[in-house]
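**Student:** Structure provided below as structure tokens; questions to follow.
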Amino acid sequence: MIESALILSFSLLLDQLLGEPRRFHPLVGFGWCVDKLESIMNRGKYLRLKGLIAVSILLLPLLFLSHYGLNYFAQQPVIWLADVLIIYLAIGHKSLMQHASAIMLPLSQSDIATARTNLSYIVSRDTGRLQKPAVIIATVESVIENSNDAIFAAIFWYLLAGVPGVICYRLINTLDAMWGYKNKRFLEFGRAAAKLDDAMNWIPARLTVLTFALFGNFKRVLITAFEQGALCSSPNAGPVMAAGACSLNVKLGGDAFYQGVRIAKPQLGYGDAPQLKTIQQAMRLVNKSLLLWLSVIILFAVIIEVI
């Protein structure tokens, strides 16, 4: 357990020092393979089955390699270094903070056009005509929701299943981001990826909700997370965003446009409409939550080692 805590700590430190690689990120190559495979298989009949087969084709060789390849060919120090690098690539804490800051800065300078453009990099909704309040809401929602996907779920799966677990989670999360749309093209073919992502995020999302509750009105945050979260289409993003909004004492949600179509979304949280400073507050909430997770993991590892 001490070994896992140290590897995780070094991975987070590496993320803070380097951030997300700007070139040669493995997920870029994976995304290219995903696109090619989808263009071949997403046609004709039996699209759900074909989607499941496509997920298997993409995942199983990488999981086999991560589980057996490194242990067979590498010495222990090399395996530790590989673990650090893989977890570093799987966790996107600094990247999430940088994206939020890249929206917050132009907003503070009344440069709404640049803020919209930078927002479009991290959300799937239409951003071209959003006004400042809507840009703020979308940014706060993205910081809160993506904290689970980019940070806490990756940590959870590493602790539970090691490097194969974190690789499996990150790749399925990427497949869901690429195939998990409820439109004509992906409704059937992307169903396996979407359902697997829901399953792998179920426990981490609820741990994230619990963490956010510790930094707000605990009982109210928990009740809000599951009452309001149940109204959302996502079984995991809904509770996480509702918990974050309630912890920050702001209201999120509301209708948004996706590919020109207006989608009705429920109100999340309570309190006032978010202001520019709320983006910074959301970033602080995520940072405090990550510090708490890391502290608990290290403390637990030390206790286990002593016992």
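**Student:** Which of the helices in the chain, when you take each full DSSP H run, stretch at least 20 Å along the axis at their Cα atoms and have an average Kyte-Doolittle score of 1.0 or higher? Display every interim value, and only then the final one.
**Tutor:** Values: long enough: 2-18 (24 Å, 1.61); 26-41 (22 Å, 0.79); 47-64 (25 Å, 2.06); 76-90 (21 Å, 1.74); 93-108 (23 Å, 0.34); 132-147 (23 Å, 0.71); 153-179 (27 Å, 1.20); 191-214 (34 Å, 0.50); 276-306 (46 Å, 1.44).
Those that clear 20 Å and a mean of 1.0 are 2-18, 47-64, 76-90, 153-179, 276-306.
**Student:** Once you order the gyration tensor axes a ≥ b ≥ c over the Cα atoms, which shape class does the stretch 2-306 get: rounded for a/c under 1.5, otherwise prolate or oblate by comparing a/b with b/c? Please list the in-between numbers first.
**Tutor:** Values: a/c = 1.62, a/b = 1.16, b/c = 1.39.
Since a/c reaches 1.5 but b/c is at least a/b, the shape of the stretch 2-306 is classed as oblate.
**Student:** Using just the helices of the chain, give the 222 nm mean residue ellipticity in deg cm²/dmol: DSSP H runs with n ≥ 4 each add -39,500 (n - 2.57), and the total is spread over all residues, rounded to 500. Write down the numbers at each step before the final one.
**Tutor:** Numbers: 13 runs with 217 residues, N = 307.
The helix contribution divided over the chain gives -23500 deg cm²/dmol.
**Student:** I'd like the trypsin sites (Lys or Arg not before Pro) in the stretch 233-307 restricted to DSSP loop residues with at most 10 other Cβ atoms within 10 Å, sorted by number.
**Tutor:** Numbers: sites: K251, R262, K277, R284, K288; in loops: none.
Passing both the DSSP loop test and the Cβ count: no residue.
**Student:** In whole Hz, what ³J(HN,Hα) sequence does the stretch 255-269 give by Karplus (6.51, -1.76, 1.60; θ = phi - 60°), x for Gly and Pro?
**Tutor:** 4, 8, 9, 10, 6, x, 9, 6, 10, 7, 10, x, 6, 10, x
**Student:** Which net charge results when you count Lys and Arg as +1 and Asp and Glu as -1 among the other residues whose beta-carbon is under 12 Å from that of K94? Can you show the working numbers first?
**Tutor:** Values: positive: none; negative: D15, E20.
Its environment carries a net charge of -2.
**Student:** Now for a different question. Pairs K219/K277; K132/K195; K94/K132; K184/K265: which are spaced more than 29 Å apart, C-alpha to C-alpha?
**Tutor:** Details: K219/K277 25 Å; K132/K195 34 Å; K94/K132 24 Å; K184/K265 21 Å.
In this structure, K132/K195 exceed 29 Å between Cα atoms.
**Student:** While we're here: Build a GNM of the chain with springs between Cα atoms under 10 Å: which of Y121, Y158, Y181 gets the top mean-square fluctuation?
**Tutor:** Y121
**Student:** Which of the three applies to the stretch 1-132, rounded, prolate or oblate, going by the alpha-carbon gyration tensor with a ≥ b ≥ c and a/c under 1.5 meaning rounded? Show your work: numbers first, answer last.
**Tutor:** Numbers: a/c = 3.24, a/b = 1.21, b/c = 2.68.
Oblate, because a/c is 1.5 or more while a/b does not exceed b/c.
**Student:** Please label the shape of the stretch 158-267 as rounded, prolate or oblate, based on the square roots a ≥ b ≥ c of the eigenvalues of the alpha-carbon gyration tensor (a/c under 1.5 means rounded; beyond that, a/b larger than b/c means prolate, else oblate). Provide the component values of the computation, followed by the final result.
**Tutor:** Details: a/c = 2.71, a/b = 1.16, b/c = 2.35.
In terms of gyration-tensor shape, oblate.
**Student:** What distance in nm separates the two pseudo spin-label positions at V296 and K182, each 7 Å out from Cα along the beta-carbon direction?
**Tutor:** 3.1 nm
**Student:** Want the number for Y121 to S39: 0.36 nm per residue separation, take away the alpha-carbon distance, what's left? Present the calculation step by step, with values, prior to reporting the outcome.
**Tutor:** Values: separation 82, 0.36 × 82 = 29.52 nm, distance 2.34 nm.
This chain segment gains 27.2 nm when fully extended.
**Student:** Note down the net charge around R262, summing +1 for each Lys or Arg and -1 for each Asp or Glu among other residues with Cβ under 13 Å from its Cβ.
**Tutor:** Details: positive: R125, R129, K265; negative: D126, D255.
Taking every Cβ under 13 Å from that of R262, the sum is +1.
**Student:** Within 10 Å, Cβ to Cβ, of N42, how many net charges do the neighbouring residues add up to if Lys/Arg are +1 and Asp/Glu are -1?
**Tutor:** Numbers: positive: R43, K50, R185; negative: E38, E188.
That sum, taken over residues with Cβ under 10 Å, equals +1.
**Student:** What FRET efficiency, computed as 1/(1 + (r/R0)^6) with R0 = 45 Å and r the Cβ-Cβ distance, is obtained for L17 and Y46, rounded to the nearest 0.05?
**Tutor:** On the way: r = 47 Å, r/R0 = 1.05.
For R0 = 45 Å, the calculated efficiency reads 0.45.
**Student:** Sticking with this one: Mind checking which of L119, L49, L210 has the largest fluctuation in a GNM of the chain, springs on alpha carbons under 10 Å?
**Tutor:** Looking only at L119, L49, L210, the largest GNM fluctuation is found for L49.
Throughout, read-outs are computed from the coordinates displayed, never taken from laboratory work. These numbers were taken from a predicted model, which means no experiment stands behind them. Glycine gets a Cβ as well: all are built from the backbone with ideal geometry, and neighbour counts include every protein chain shown.
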